[in-house]
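Reviewing the structure listed below.
The values are calculated or read from the model by the stated rules, or taken from the named source; none is laboratory data. These numbers come from a predicted model, not from an experiment. Here the Cβ positions follow ideal geometry from the backbone for every residue, glycine too, while neighbour counts run over all protein chains shown. SASA here: full protein model, heavy atoms, side chains in, ligands and nucleic acids out. Shrake-Rupley method; radii C 1.70, N 1.55, O 1.52, S 1.80 Å.
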Amino acid sequence: LPPQVRSNISKFLRSFLGITRILQIVFGAGLWITVAANKYDGPIHFVLFVAVLFWLLTLALFFITLLDKQDLVPLLGGERWLCTNLTHDVVAAALYLPAIGVMFYKTESYSYCNLNQYQHSCLYKVYLTAAVFACLCCLSYLLSVIYGGCRKSRGEQTVI
């Protein structure tokens, strides 16, 4: 890789947004893998939709910014890239909030089988793990919203 590209990659990976994007990708993958690897039904489909959709979108934003190719994105790139990232993070945080509610509801509905004497298979620990991942995802998106909002209010145009 040319030195300038290496420098941009290193700069992004050490930036606050780069670190939060990595956390969003890891926590999002943890959520959808935890849910998808087990039996799920009803409102859990919404949680899985939110987790996979924003995992894929975050992955795309991460690699486009990592490779410094945001100017090639039509309508959303260039000077609008910070606003695009901020909008993505706001929508993600807003949709993760009901997903957290669904996960806590499902966790509570299976709390009866969280006893040592209960011998049948139980989804309580799966749903509890997914609820924790959903909370961590939402928190990382909220941190990105605060960071992006501060940068936007100062009139900055770049993400890094």
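The 1.4 Å probe gives accessible areas that order ARG80, ARG21, ARG14, largest first, as ARG14, ARG80, ARG21. Counting only alpha carbon atoms, the long axis of helix 81-109 and the longest principal axis of the chain meet at about 10°. Computed over the chain, the P(r) tail beyond 21 angstrom holds 50 percent of alpha carbon pairs.
In percent, rounded to a whole number, the relative contact order of region 80-151 is 49, using alpha-carbon pairs under 8 Å and six or more apart. Counting heavy atoms of the protein chains alone, SER111 has an accessible area of about 60 Å² for a 1.4 Å probe. Going by a 4.7 Å Cβ-Cβ cut-off, which cysteines of the chain have no partner at all? Among the cysteines of the chain, those whose Cβ sits 4.7 Å or more from every other are CYS83, CYS135, CYS137, CYS138, CYS150.
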